[in-house]
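The values are calculated or read from the model by the stated rules, or taken from the named source; none is laboratory data. Since the structure is predicted, the reported quantities are computational estimates derived from the model, not experimental observations. Every residue, glycine as well, gets a Cβ built from its backbone with ideal geometry; the counts of neighbours run over all protein chains shown. Calculation scope for accessible area: heavy atoms of the full protein, side chains included, ligands and nucleic acids excluded. Shrake-Rupley method; radii C 1.70, N 1.55, O 1.52, S 1.80 Å.
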Amino acid sequence: MNLDKLLKPRSVAIIGANDKPGFGGDTTKNYLKFSRNQEHLYLIHPKKEEVFGKKVYRSILDVPEDVDLAIICTSQKTVLPLLEDCAKKKAGGVVVFASGYSEVGAEGKILQEELVKRADELGIAVMGPNCAGFANFNAGVFAFAFLVEERDRKGNIGMVSQSGQIVLGGLDTRAMGFSTVISSGNSCNVKVEDYLDYLVEDEDTKVVCAYMEGVTKPSQLVETFRKAAKKKKPIVMLKTGKSAKSQQLAASHTGSLSGADRVVRSVFKRYGVIEAEDLEEMMGIATALSWLRRLPEGQRLAYLCVSGGEAGVMADLTEQYQLPLAEYSPEVKAYLQTLVPDYGTVNNPFDMTAGIGYNTPVMVDAMRAISRDENVDALAICYTITPQVWDDTITHMVEAASIVSKDEDMKPIFWIPYIEHTRDVESADALKAAGVPLLPTGCYGCNALRKILDFAVFEFEDTEGAIPERLHKGSVGCSEYESLCYLDAHGVAIPPQAVAATEEEAVEAVKRLGYPLSVKIHSADIQHKSDVGGVRLNLRDEAGLRDAFRTVMDNCGKNAPQARLEGVLLKPMLKTGVEMIIGVNNDKDFGPMIMVGMGGVFVELFKDVQLACAPLTRKQAIRMIDSLKSAPLLDGYRGSEPCNKEALAELLVKISEMAASGREEIRELDINPVFVTPEGVAIADALLVKYED
């Protein structure tokens, strides 16, 4: 759906325009105060002749030209009839402030469905209902219902939120400058995903930030993320509701360990979307990226402080937030040493002392020298911004940052305060003009910096998504034998195996398999076999085999009386190694998610797993493995021989490709444990859950 008439209208009608407080009055006041296009603004009210000195029409049908955008400020029961009138004036966009729709329950949901249906039939893009409107600062359109302070807000951040109050919070944040802000409300026939796509495509928007409560168009959302990743346009997302379970029933370890929160984080990670934990972080990161002229080329930072105590605080913060410290070259270190008093020492974080921090020309020289160091990717000035009348040091440091920022080859500079005093407006404006982001304080600032640096070095590897085309309902679990056969049929190497319904069949099968071997219950109804006494290991002769057969069948008959027992599964014992798990969980919104982690009996205990969208590239698979806390076990821990990590990555890629191509068939898959040895990998067990429909 084209959103130009909605968000970039040539002509606008405010229906319910008024000069009294409320949606009609406040929207009219805002539009007259902040919008450039007054010539093609039409105020509509059936009982008024004039509002704020401007002529009023009784109906939109009386307006002398067609109208691109209508802003409906009247009650819910008037909306549908007014929508019909708007269509007659060829309106392509309508903003609906009225509440009483899906947010109030079943009856309201029906009313919203009627609104969506009619809007679609008329070809009208509806913002809302139950929203606060929007402001497009580049087009000069301020169609927003909440009153704000009069000042310039134009910038390059595109913001969309289902909450109007959050948009208001952004507009009230002095540091933020916007291309467009959108309060989508209930997101009628234009969803948050549509607005995100619009902002990603918008050339006036440098940074996109969004507050999102739910996903309604997962395929479009992924495609928008993909577009942004290709453009290297940052998206900062705050999504609530991440703790809800993504699957109602999880039969496998993978299903229970890959809920909605992990899935959303994995999708963000795949496309380089920056995830914010709260509003302060979302707005802080978006603001920093909007001020920053260019991204650092690496992550090694030099931290410039004015006291030893503050340098110590910053040293702890850099370790806590895993911010790499640049190691000065000997030449730069020697030069910096000449700039500080005898008692000063050049370290990183660097206590510049008053010798540098209180002297603009000296600080300029120091910053230029540090920037020229090949071991440094960016600089961070660490000092609290207070009004300059109280602390003249601010004057020197801000001036120095402003001077060096004019150098074309100067590396990016960030500013991190320690304490959130009232920020000096003049200093903040100077830093903004210089392209030096003024981050939040301490922990917030370092966390934001960590995420900005991660985005800076993010390399997007484009792979086709694997979102299922339809929503599946029923599912059925497969036996271990059936699960392994499925893997075998899809080119995944499995150990030799055989099923036996009787003792004699088991004795015959062992002639092909050999000893030592394992005996496990063969039943699709029993997913965790050891829990019901359905496993015997290390059998070395016929007597042991016969005894194991009877024991396993008896145990399962007693402990799982409802299960259908089809005999036993026989497999040779494998060479043990580091036990890992590989899994698949087919998320209803984003498709198959691939999991790798510590396996065996430790999978639920330690929950040391990594999750990613299918399919994977080799580089992505290696990155997942290396991100595990248990990764050192694979690299040769305490003198053990290193395992074949490449073979594990290859298996991970193979399973991810199988999951992507089988997204309409596979619901869950556990391969646990996978033994990883110096020679390669071996699959010991598997559990497949398939869709029934």
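List the relative contact order of the range 133-199 as a percent without decimals, with contacts defined as Cα pairs under 8 Å and 6+ residues apart. Don't jump to the answer; show the numbers that get you there.
Values: 102 pairs, mean separation 24.1, N = 67.
Worked out over the range 133-199, it gives 36 percent.
Is the chain best put as rounded, prolate or oblate by its Cα gyration tensor, with a ≥ b ≥ c the root eigenvalues, rounded for a/c under 1.5, and otherwise prolate when a/b is larger than b/c, oblate when not?
Values: a/c = 3.27, a/b = 1.36, b/c = 2.40.
Judged from the Cα gyration tensor, the chain comes out oblate (a/c at least 1.5, b/c at or above a/b).
Given R₀ = 35 Å, what would the calculated FRET efficiency be for Arg623 paired with His490, taking r from the Cβ atoms and rounding to 0.05?
After rounding to 0.05, the efficiency reads 0.90.
Report the label-to-label distance for Lys47 and Gln220 in nanometres (one decimal), using points 7 Å from each Cα along the Cα→Cβ vector.
Taking the two extended label points, one gets 3.9 nm.
When the solvent-accessible surface of protein heavy atoms is calculated with a 1.4 angstrom probe, in what order do His522, His396 fall, highest first?
From most accessible down to least: His396, His522.
Tell me, what ³J(HN,Hα) does each residue in the range 214-231 have, in order and in whole Hz, if you take phi through Karplus 6.51 cos²θ - 1.76 cosθ + 1.60 with θ = phi - 60° and put x for Gly and Pro?
x, 9, 10, 10, x, 4, 5, 4, 5, 5, 5, 4, 4, 4, 5, 4, 5, 7
Under a 5 Å amide H to amide H cut-off, with H placed in plane at 1.01 Å, what residues pair with Tyr42 once short-range neighbours are removed?
Amide H neighbours of Tyr42, under 5 Å, 5+ apart: Val12, Ala13, Ile14.
With the cut-off at 20 Å, tell me which of the pairs Lys520/Lys645; Lys520/Lys575; Lys8/Lys89; Lys629/Lys654; Lys8/Lys109 have Cα atoms farther apart than that. Display every interim value, and only then the final one.
On the way: Lys520/Lys645 29 Å; Lys520/Lys575 18 Å; Lys8/Lys89 17 Å; Lys629/Lys654 23 Å; Lys8/Lys109 29 Å.
Correct reply: Lys520/Lys645; Lys629/Lys654; Lys8/Lys109.
So for each of 163-176, 262-275 I average, over its residues, the number of other beta carbons within 10 Å; can you give me the resulting order with the highest mean first?
In descending order of packing, they fall as 262-275, 163-176.
Using only the alpha-carbon atoms, how far is helix 279-291 inclined from the longest principal axis of the chain? Give it as 0 to 90 degrees, nearest 10.
Helix 279-291 sits at roughly 70 degrees to that axis.
What is the chain's relative contact order, in percent, from Cα pairs under 8 angstrom and six or more apart in sequence?
9
Output wanted: per-residue J couplings in Hz (rounded whole) for the range 146-155, from phi through Karplus 6.51 cos²θ - 1.76 cosθ + 1.60, θ = phi - 60°, x for Gly and Pro.
9, 6, 9, 4, 7, 6, 6, 10, 5, x
Please label the shape of the range 303-451 as rounded, prolate or oblate, based on the square roots a ≥ b ≥ c of the eigenvalues of the alpha-carbon gyration tensor (a/c under 1.5 means rounded; beyond that, a/b larger than b/c means prolate, else oblate).
rounded
Round to the nearest 10 and report in Å² the accessible area of Cys73, as given by a 1.4 Å probe over the protein chains' heavy atoms.
It works out to around 20 Å².
What is the range 518-581 by shape, rounded, prolate or oblate, if you read a ≥ b ≥ c off the alpha carbon gyration tensor as root eigenvalues and call it rounded for a/c under 1.5, prolate for a/b larger than b/c, and oblate otherwise?
Because a/c hits 1.5 or more and a/b fails to exceed b/c, the range 518-581 counts as oblate.
Add -39500 (n - 2.57) for each DSSP H run of 4 or more in the chain, then divide by its residues: what number comes out at 222 nm, to the nearest 500 deg cm²/dmol?
One gets -11000 deg cm²/dmol as the mean residue ellipticity at 222 nm.
For a Förster distance of 56 Å, can you work out the FRET efficiency between the beta-carbons of Asn559 and Thr173, rounded to the nearest 0.05?
Here the calculated transfer efficiency is 0.35.
Ignoring ligands, DNA and RNA, what percent of the 1.4 Å accessible area of the chain is carbon and sulfur?
In the chain, the share of accessible area belonging to carbon and sulfur is 50 percent.
What number, in percent, do you get for the relative contact order of the range 350-426 if the mean sequence gap of Cα pairs under 8 Å and at least 6 apart is divided by its residue count?
Computed over the range 350-426, the figure is 40 percent.
Quick check on the chain: of the DSSP beta bridges with both residues there, what percent are antiparallel, nearest 5%? Provide the component values of the computation, followed by the final result.
Numbers: 52 of 99 bridges.
If we restrict to bridges inside the chain, about 55 percent are antiparallel.
Quick one: which residues, 5 or more positions from Gln162 or on another chain, have an amide H under 5 Å from its amide H? H modelled 1.01 Å from N in the peptide plane, none for Pro or chain starts.
Ser184, Tyr211, Glu213
Once R0 is set to 25 Å, what does the formula 1/(1 + (r/R0)^6) return for the Cβ-Cβ distance between Ala631 and Glu459, expressed as a FRET efficiency to the nearest 0.05?
It comes to 0.80.
Which of the peptides 569-580, 480-491 is most tightly packed, and how do the rest follow, judged by the mean count of other Cβ atoms within 10 Å per residue?
Highest-to-lowest ranking by the protection proxy: 569-580, 480-491.
Please calculate how many Å² of accessible area the chain carries per residue, with a 1.4 Å probe and no DNA, RNA or ligand atoms counted. All intermediate terms of the calculation are to be shown ahead of the outcome.
Values: 29150 Å² over 693 residues.
Per residue, the chain has 42 Å² of solvent-accessible surface.
List, in order, the whole-Hz ³J(HN,Hα) value for each residue of the range 536-549 obtained from phi through the Karplus relation with A = 6.51, B = -1.76, C = 1.60 and θ = phi - 60°; use x for Gly and Pro.
Coupling constants for the range 536-549: 9, 10, 6, 7, 10, 7, 5, 4, x, 5, 5, 5, 5, 4 Hz.
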